[in-house]
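The values are calculated or read from the model by the stated rules, or taken from the named source; none is laboratory data. Here the structure is a predicted model, which means the values were calculated and not measured. Heads up, the Cβs are rebuilt from the backbone with ideal geometry, glycines too, and the neighbour counts pull from every protein chain shown. What goes into the accessible areas is simple: the full protein's heavy atoms, side chains included, and nothing from ligands, DNA or RNA. Shrake-Rupley method; radii C 1.70, N 1.55, O 1.52, S 1.80 Å.
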Amino acid sequence: MGDMATLRKLKIKTGTCKRLVKEFHSCEKEVEGEAAKTADMKGKGADPYDLKQQENVLAESRMMIPDCRKHLEASLAELKGTLAELEEELNQKEGPEIEEAWTIIAEVDQLF
């Protein structure tokens, strides 16, 4: 595979990782929001049926997090693989695409 093709692949995988980071954050935000809503309902002595419904919504949004995380971890592994390919095959260790890839890798590593 040529230089440009691998760099293009790196750009695509970096973009995917970025999108999944956003998705992961929005999953977390949703859980926070639903948890706050649940706590608020409990505090206000909401109808038990409504509270049960809300607890189900909260549980569902909590279940999305491991999924988001799994997708992000898979995407991160692919990105690292493409970076390694660039460094080994083409001995290319710098450039804007590579820096951007390392930036997103650091961001994801901080998340986990």
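Surface composition of the chain: carbon plus sulfur atoms contribute 54% of the solvent-accessible area (1.4 Å probe, protein chains only, all chains present). A dipole drawn for the chain from +1 and -1 charges on Cβ atoms has a positive end, and of MET4, CYS17, LEU58 the residue lying farthest that way is LEU58. Rg and Dmax, both from the Cα atoms of the chain and both in Å, are 19.8, 64. Where only DSSP H runs of four or more residues are counted, the chain gives -32000 deg cm²/dmol as its mean residue ellipticity at 222 nm, each run worth -39500 (n - 2.57). A DSSP coil position with no more than 13 other Cβ atoms inside 10 Å describes the following trypsin sites (Lys or Arg not before Pro) in the range 40-90: LYS44. Per residue, the convex hull spanned by the Cα atoms of the range 44-99 measures out at 88 cubic angstrom.
Each label point was placed 7 Å from the Cα along the Cα-to-Cβ direction; for GLU94 and ALA59 their separation is 5.5 nm.
Taking 30 Å as the straight-line reach from the Cα of LYS18, the lysines in range (excluding those fewer than 8 positions away in the same chain) are LYS9, LYS29, LYS37, LYS70, LYS80, LYS93. Accessible surface for the range 1-109, divided over its residues, is 63 Å² per residue with a 1.4 Å probe.
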